[in-house]
Amino acid sequence: MTPERQEITLVVDGVEVKAPEGAMLVDAAKGGDVEIPVFCYEPKLGQPVGACRMCLVEVEGIPKLQTACSTPVRDGMVVYTATDRVKEAQEAVVEFLLVNHPLDCPVCDKGGECPLQDISMGWGPGRSRMTDPKRHFQKPIPLSPLVKIDRERCILCYRCVRFSQEVAEDEQLQLLERGAATYVGTFDDRPYIAPFHGNIIELCPVGALTSEAYRFRARPWDIEDAGSICTLCPSQCNVKFTVRDERVQRVLARDNHEVDDGWLCDKGRFGFQMIAAEDRITEPMIRSGGELRPFSWEEALDAAADGLRTAGKATAAVAGGATSNEEGYLAQRIMRAALGSPHVESRGGEALSHHRAVALSRPELAAKVSDIDEADAVLVLGADLLHQMPILDLRVRKAIRRHGLRVGIATDRPTSLDGGADETARYEPGGAGEFLSALAGELSGSSRTDGEEGGDAERIAGVVRPGKTVILWGERLGPLAELIAVAEAAQAKLIEVPEAANARGLREVGFAPGFGPGLREANAGMDAAGIRHALAEGELSAALLLNVNPVRDFPGGPAWNEALNKARFVVAFSMFDDESTKHANIVFPAESHAEKDGTVTHPDGRVQRMRPNVPHRDRTRPNWLVLVELAARLGDETGIDSPREALEAVTEAVPFYAGVTHEEIAGHGVRWQEREAASAFPEVPAAGESTPSVGAAGSNGGLRLGTYRDLWSGETTERNPALRFLAPKQLVELAPTDAERLGLARGDEVDVRSNGTSIRARVAIRERMRPGAAFLIEGTAEQNATALAGADVVEISKAGGTK
């Protein structure tokens, strides 16, 4: 644990300033309303390097000028930031930086929001003595398909290189050559492609690094920035949308230490172009003559209400992760109160029982994201953070780097964090239950498990520090009774790594088949697989799809296609015409995350507010309003007329959200576990009949099938031109021994078969794979692994050949 620092007093330019002991002088000076100019300093990057020398100050008792960014304060220190010596040094640094810097401010994308411009005006000499030619490079050079670099603008502050080497740890960026010839680049000029590399654009204090998607599209004086939340993945990063002419032009990070540490993944940073896509659905449509045709809102709402009323209890609703708390609450209210149906689900896989949902959500078990910084150990169970919740990947790396965090990883396939972990363990796909039982036994000392699972569990248990451990668990773990036993034995706190962005919020507002708002018991409904089967068999006749495409994203995609095709009536909220809307009778235009006004709940329990940054496209309406009007037509008058009233309805229905307001949420959100209302959390109900954990099936000569969601698989990548090059082609991951046994080499094209269904894929050999398993990617545009859902074992042969 990081010890609490004492407060000390120093004097800056004659003003007494109080600051934490050990704080850097450049930060402490701000307490006295004194700004010290910096270029290379950025606290998010870690320890300062003092590379640019812009922050030189005079410290009483020290003969030489000191860099304020790397000088920790001490009690009684006396500092001068505006003496003649300091001014002379600062002017010299600015003059030196401008020796080779081109004077292209009028055409530079950074012009108007450039620290170099500001510092040159505030601390520079005002004129240059230099008349020699400046150095020149080819410009601009594509550093990656997303980032361009103007090397002659670079002031060698080292920020981008430090991010690559010390934060993302991809180590692709370097300072090449020496002396006056030094420049930023990659080995052999290879493209810099990494999940977080867009952050270097924001870190750059000049216009050397620019976004390909934003370059030459706006100037600072004709844009507006406003904050919101990114819901493209469960990280729920805080963002600022840059808007010009009512269109989003770029996305910037909005620092929130408790959520994202001020970083964004490239999916969140560049996934905005789809908001203004020409093929967006922007008006209500009704299927007429076999085609979807535009209709008025009144006609579409009337038709939707008539169809749902006719189906009544035989209706099911499925929601995706982009659904807000307010939308989820209103949709489940329509289902339960207006239609009398309990069939609401937001998970593609196995539903959580009421007992386990409450047990896992207990306030005393809930860790917050920043707890990772202070923990002594982290266990990552059944999750690949880079692909599922990318910002947590950076958070864990930071804690390892800065505080020596111990990390244990137990998953069914290799993860991005394996190289930095103290211990790793692999279990077979579907074998998490056996592993977690062994781990709980090791931690509690109640039992020992022989064999490979027991040895792996013993190693992972050795990482745990009782009372100082955070467990990051993936939604796909499945056997959650064992997870609770592990958490209790380790005296650890939990953070879920869900599949959907607002998975926790949707559960807590009642969009789940086994419980209602506030996790209170309700009539049991069907899970996703049950809904799919019931639609196909005619037991259910109607479906309401809310920001979800189950045909592409849920297990059993082809079966969902058949089920929706057989459904008599389908209502869909969607931004685009996709595989699921092709079966819809009514389609309502869905809002993007830049247009929505509502709340979402972070996996650690932090309620955050999404704010509209651009107006709705064409005839698009707020989705909460559409649901309110639909409920009214079905006989349920909600009395809700605004986003504020919609949140009030949610907080009235969810006791542990009671009293939460937009003002309390403010810019950084509020964790409900830290409020007095958390005392209203329900008691853990008695456990029903326990479902035995499913172990790995025998292979019968084949390979055990596992699937995973790649960060770049899905519509977001394909709907944004800047990201399309990242869309993955189907791969089958194999251990080297399995590849050798099957006579396969890296890159071979193969058929992966099970129960008459075949997927075409390329072979990828993974050194850290457990033999006996094969992994495919879910959500790809073609050869989607969801087609093999339910298969235990697959057989693999070269494409066009026989087994």
- List every residue pair whose Cβ atoms sit under 6 Å apart, with the two residues 6 or more apart in sequence or on different chains, where the first one lies in the stretch 520-532 and is closer than 19 Å to L788 by Cβ and the second, anywhere, is crowded, with 21+ Cβ neighbours inside 10 Å. A528/E345; A528/G348; A528/F554; R532/A559; R532/W560; R532/A563
- Query: Checking R250 against (1) under 18 Å from the mean Cα position of the chain (by Cα); (2) touching a residue at least 40 places away in the same chain (Cβ under 8 Å); (3) open to solvent by 30 Å² or more (accessible area, probe 1.4 Å), which test does it fail?
  - Reply: (2)
- Note on the structure: Of the residues in the stretch 485-500, those that are part of a loop (DSSP other than H, G, I, E, B) and open to solvent by less than 10 Å² (accessible area, probe 1.4 Å) come to A492, P498
- Item | Residues satisfying the stated conditions in the stretch 132-159, i.e. over 24 Å from M54 (Cβ atoms), basic (K, R) and in a loop (DSSP other than H, G, I, E, B) | K139
- So, of the residues in the stretch 313-330 that are within 22 Å of F656 (Cα to Cα) and open to solvent by 10 Å² or more (accessible area, probe 1.4 Å), which turns out to be nearest to the chain's Cα centre (by Cα)? G321
- Would you confirm whether any residue within the stretch 632-639 is surrounded by 21 or more Cβ atoms within 10 Å (Cβ to Cβ) and at pLDDT 95 or above? no
- Taking the options R280, R269, name whichever one is among the charged types (D, E, K, R), closer than 30 Å to W473 by Cβ and open to solvent by less than 20 Å² (accessible area, probe 1.4 Å). R269
- Query: Mind checking which pairs have a first residue in the stretch 474-487 that is free of Cβ contacts under 8 Å to residues at least 60 places away in the same chain and a second that is surrounded by fewer than 21 Cβ atoms within 10 Å (Cβ to Cβ) and assigned to a strand (DSSP E or B), Cβ under 8 Å, 6 or more apart or different chains?
  - Reply: none
- Message: Can you list residue pairs whose Cβ atoms sit under 9 Å apart, with the first residue in the stretch 130-151 being acidic (D, E) and at pLDDT 85 or above and the second being part of a loop (DSSP other than H, G, I, E, B) and open to solvent by 50 Å² or more (accessible area, probe 1.4 Å)? Count only pairs 6 or more apart in sequence or on different chains.
- Response: D150/F137; D150/K139
- Message: Could you check the stretch 234-248 and list, in sequence order, the residues that are out of contact with any Pro (no Cβ under 7 Å at 6 or more places or on another chain) and not charged (D, E, K, R)?
- Response: Q236, C237, N238, V239, F241, T242, V243, V248
- Message: Looking at the stretch 653-679, I want the residues that are on the phi < 0 side of the Ramachandran plot and have a partner that is loosely packed, with under 13 Cβ neighbours inside 10 Å and in a loop (DSSP other than H, G, I, E, B) with Cβ atoms under 8 Å, at least 6 apart or on another chain. Which pairs are those?
- Response: R675/G659; A677/G659
- Item | E169 vs. criteria within 21 Å of the chain's Cα centre (by Cα) and either modelled with pLDDT under 95 or under 20 Å from A399 (Cα atoms) (or both) | yes
- Where residues in the stretch 211-239 are open to solvent by less than 10 Å² (accessible area, probe 1.4 Å) and of a type in the set (S, T, Y), which of them is nearest to W712 (Cα to Cα)? S235
- Between a first residue in the stretch 609-626 that is closer than 13 Å to F241 by Cα and open to solvent by less than 20 Å² (accessible area, probe 1.4 Å) and a second residue that is charged (D, E, K, R) and part of a loop (DSSP other than H, G, I, E, B), which pairs have beta carbons less than 8 Å apart while being 6 or more apart in sequence or on different chains? M610/K596; M610/D597; V614/E246; V614/E595
- Task: Go through P205, P195, P234 for me and flag whichever is under 27 Å from the mean Cα position of the chain (by Cα), part of a loop (DSSP other than H, G, I, E, B), within 30 Å of L97 (Cα to Cα) and not acidic (D, E).
- Result: P205
- among the small types (G, A, S) and crowded, with 21+ Cβ neighbours inside 10 Å - does that describe any residue in the stretch 442-454? no
- Task: May I ask you to list the residues in the stretch 295-307 that are touching a residue at least 40 places away in the same chain (Cβ under 8 Å) and either aromatic (F, W, Y) or farther than 26 Å from E637 by Cα (or both)?
- Result: W297
- Item | Residues satisfying the stated conditions in the stretch 280-304, i.e. part of a loop (DSSP other than H, G, I, E, B) and either touching a Pro at 6+ places or on another chain (Cβ under 7 Å) or farther than 22 Å from R244 by Cβ (or both) | I281, T282, E283, P284, G289, G290, F295, S296
- Note on the structure: Expected single match for among the basic types (K, R) and in contact with a Phe, Trp or Tyr (Cβ under 9 Å, 6 or more places away or on another chain) among R609, R619, R671, R633 is R619
- Task: Can you work out which of the residues in the stretch 82-135 that are of a type in the set (V, I, T) and over 38 Å from the mean Cα position of the chain (by Cα) is surrounded by the most Cβ atoms within 10 Å (Cβ to Cβ)?
- Result: V94
- Task: Quick one: count up the residues across the stretch 522-531 that are small (G, A, S), in contact with a strand residue (DSSP E or B) (Cβ under 7 Å, 6 or more places away or on another chain) and assigned to a loop (DSSP other than H, G, I, E, B).
- Result: 2
- Query: Being under 23 Å from the mean Cα position of the chain (by Cα) and of a type in the set (A, V, I, L, M), is that true of even one residue in the stretch 338-353?
  - Reply: yes
- Task: Specify which of the listed residues (A543, A534) is outside any strand (DSSP E or B) and over 28 Å from the mean Cα position of the chain (by Cα).
- Result: A534
- Query: Counting only residues that are among the aromatic types (F, W, Y) and open to solvent by 10 Å² or more (accessible area, probe 1.4 Å), how many does the stretch 152-175 have?
  - Reply: 1
- Item | Matching residues, the stretch 395-421, being part of a loop (DSSP other than H, G, I, E, B), under 27 Å from L705 (Cα atoms) and not β-branched (V, I, T) | D412, R413, P414, S416, L417, A421
- Note on the structure: For strands (runs of 3 or more DSSP E) lying entirely in the stretch 3-69, having 3 or more residues that are surrounded by fewer than 17 Cβ atoms within 10 Å (Cβ to Cβ) picks out 7-12, 15-20
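The values are calculated or read from the model by the stated rules, or taken from the named source; none is laboratory data. Every value quoted in this text rests on a predicted model; they were computed, and no experiment measured them. Because the Cβ atoms are built from the backbone with ideal geometry, glycine has one as well, and the counts that use them run over all protein chains shown. The accessibility values were calculated without ligands, DNA or RNA, using every heavy atom of the protein model including side chains. Shrake-Rupley method; radii C 1.70, N 1.55, O 1.52, S 1.80 Å.
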